Each structure stands twice: as structure tokens, then as C-alpha cells.
Amino acid sequence: MNWLRWLVLVVIGLLAGCGSAPANQPAPTPTTLIAIPLAEVPAPTPTATHLLLPLVGAADTTAQAPPLLPYRVVASYPHDPRAWTQGLIVAGPGRLFEGTGDYANSSLREVELETGQVLRSVGLGDPALYGEGIARIGDRIFQLTWQNQRGLIYDVATFNQIGSFTYPVPPATMPREGWGLTYDGSSLIMSDGTATLYFIDPEATVATGQLVIERTVTVRIGDQPRDRLNELEYINGAIFANVWYSDQIVRIDPNTGQVTGILDLSGLLSPTERAAADVLNGIAYDQERGLIYVTGKYWPRLFAIALEQTMYLPLISNSEGQ
């Protein structure tokens, strides 16, 4: 019976080993970002044809996850649930400029912050144009389109179109698509859904009628490219970018492209609101108050958040958009 005793001992040893983790694999902490397998990423909408890739998480061995940025929700405001938000910038005290997409519904709007009321709105002039990100330079607003290889320029005071520009065409330099747009005080910064950000000379673009790219930077977490970059906002020397089809905003060093922090904004909407809404998209920085406004496509609310490590002026009062 020695062979039977040996077999029992082997089986017991195998069963005991199944439940134990390798000694060099620490248990995840509550702040660990969990990787999302490709199969579990929600399917894109019919108009969204962009490649889905997993987010960086604990399973990645080539990239160290950047820190989560602590924040608090300061206020909540009504937001037009019919707005397919593509771009968002502060227009002035209590006002926002918003760019929307979805072909025939694409627009440039001025919105009242407290009420969500659309104060004025203009279409893109062609129902075949699909609006994307916006950025303001002085008395002009620049607006991208998605796959039309064309951008528009508006007069801030009148919303009249005063110019346009084209994207480079093959075999010239990318980008092929327009997604997000922001301004750092000297260059327009553009995303196209890849891991590349494009720094653009705005005056040369206006003069030539075509995007004039000064330089590019590849956005990475560790040594892994972070693609699906969407709406952009330049805040205190860093670029903040929505990651398409996620509840994450990444903070990017504009010189190196390294992601230096992540805002996890999951849970802003109630389950009922989330069921009727689409993805998080839209970032605007209120420099006077040190607040960041965020919303999403078909979201019924817009939120003001404050990063905890930054000092702020007296905060605005809550105004619930119910």
C-alpha cells in the first residue's frame, strides 16, 4: 500500500498549492488600476470605428501605473442630455463654449453654467461635417471635424465662420482624423485617437489653410503607448486627456509624453443616469476658481471638481441639476 499512500500525499500537496499566490506577487491595493480585458470593453457605437485596447493595470509588467489623482466634487449643474459633447472650454464667468458632434447635430454652442441653457448655437454649415474638439485663441475659436479632414474657425463674438483649414493628406504627415483640441498659449495641441499628440502652429495654419505641425509627442504609461486620447485641456503646464470609452482622464507631461497621473471619474452619474448616457468626454479649466468642469456625451449633468493638492479660491455653491 505504499504506492497508495504516496499518491494521496501527492494529491494533497497539489490541492494545497492551488490556492496560494506566488511569493513575489503582492496582493493588489485598493488604488491599483485593474486591467480591462479586451472582451469586457463595451462595444463601440455604430459611428465609432476606433480600435479598443485594454487600459493599463496591475497585470502590466512593462508599465508602472501612475498615481490616482485625489479630487472632490464641488458642484453639479444641468447639462443638455442631447449634446454629443466633443469639446468644452470656459467662455467667461458662468459661461462655457461647447462643441458637439453626431453629423447633422454638430454645433458650436455657448452655454450658461448654472442652468445648462444654450444661449446661442450655430451649425457647422454642412450636415456631412462631424464636429469634434474646440480651442480658443483670443477672438477666434478653432473647431476640428472627425473624418472630414477639415477644421473651422469662428469669430467669438458672432459665431460667424471666418476661416477653415485642411488636414495633411497621404502621404503627408498624420493626423488623418480630428478628436481633441486645446491651446497651451503658443501652440494648438491636437489628438487623433492614437497615442500621438500634435503641436500645431495656429498662425501658420491660418495663413496656409492647412495644419502646420511643429512637433509630435507619443503619450506613454511607462514604455507602453496610451492611445484612444480624446478631448484635451491644458491645465497648469500639463495636458489632461479623456481616454475614449473609459471613465479615466490622464495627465500628460507635454515635453516627454509620460502620463503622470490619472483621474478616475467613475461613479459621477447615478446608475439611472448612466444607463441613458454615453462616455465621459469634455474637460474645461476655470483658471479663476481653479476648478475643472467635466461632462460626457448625452450626460444630463456637468460637474465641477477640484484636485486636492491644489489651492483654490472660495468655491461656488452646489447647484443640483435635477
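Coordinate-derived values only; no laboratory data. Remember, it's a predicted structure, so these values are computed and weren't measured experimentally. With ideal geometry, Cβ positions are generated from the backbone for all residues, glycine too; neighbour counts draw on all protein chains shown.
Figures for the structure shown
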item	result
Residue, farthest from the chain's Cα centre (by Cα), within the stretch 160-184, restricted to residues that are of a type in the set (A, V, I, L, M) and part of a strand (DSSP E or B)	ILE162
Qualifying residues in the stretch 241-277 (those that are of a type in the set (Val, Ile, Thr) and outside any loop (DSSP other than H, G, I, E, B)) - the one nearest to PRO78 (Cα to Cα)	THR272
Test: residue in the stretch 278-298 that is in contact with a helix residue (DSSP H, G or I) (Cβ under 8 Å, 6 or more places away or on another chain), within 21 Å of ASN230 (Cβ to Cβ) and not in a helix (DSSP H, G or I)	yes
Candidates LEU188, LEU152, filtered to the one that is under 21 Å from ASN255 (Cα atoms), in contact (Cβ under 8 Å) with a residue 12 or more places away in the chain and not aromatic (Phe, Trp, Tyr)	LEU188
Count of the stretch 258-294 residues which are of a type in the set (Gly, Ala, Ser), crowded, with 18+ Cβ neighbours inside 10 Å and over 30 Å from ASP223 (Cα atoms)	1
Close pairs from the stretch 222-245: first under 16 Å from TYR293 (Cα atoms) and without any contact (Cβ under 8 Å) to a residue 60 or more places away in the chain, partner acidic (Asp, Glu) and buried (at least 24 other Cβ atoms within 10 Å of the Cβ), Cβ under 6 Å, at least 6 apart	PHE240/GLU233
Filtered residue count, the stretch 208-233, keeping only those that are surrounded by fewer than 21 Cβ atoms within 10 Å (Cβ to Cβ) and either within 8 Å of the chain's Cα centre (by Cα) or closer than 18 Å to GLY282 by Cβ (or both)	0
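Okay, residues lined up against (1) in contact with a Gly (Cβ under 8 Å, 6 or more places away or on another chain); (2) under 18 Å from THR85 (Cβ atoms); (3) of a type in the set (Asp, Glu); (4) part of a loop (DSSP other than H, G, I, E, B):
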{"position": "ASP126", "(1), (2), (3), (4)": "no, no, yes, yes"}
{"position": "GLY133", "(1), (2), (3), (4)": "yes, yes, no, no"}
{"position": "LEU144", "(1), (2), (3), (4)": "yes, yes, no, no"}
{"position": "THR158", "(1), (2), (3), (4)": "no, no, no, yes"}
{"position": "SER186", "(1), (2), (3), (4)": "no, no, no, yes"}
{"position": "PHE199", "(1), (2), (3), (4)": "no, no, no, no"}
{"position": "ALA204", "(1), (2), (3), (4)": "no, no, no, no"}
{"position": "VAL217", "(1), (2), (3), (4)": "yes, no, no, no"}
{"position": "GLU233", "(1), (2), (3), (4)": "no, yes, yes, no"}
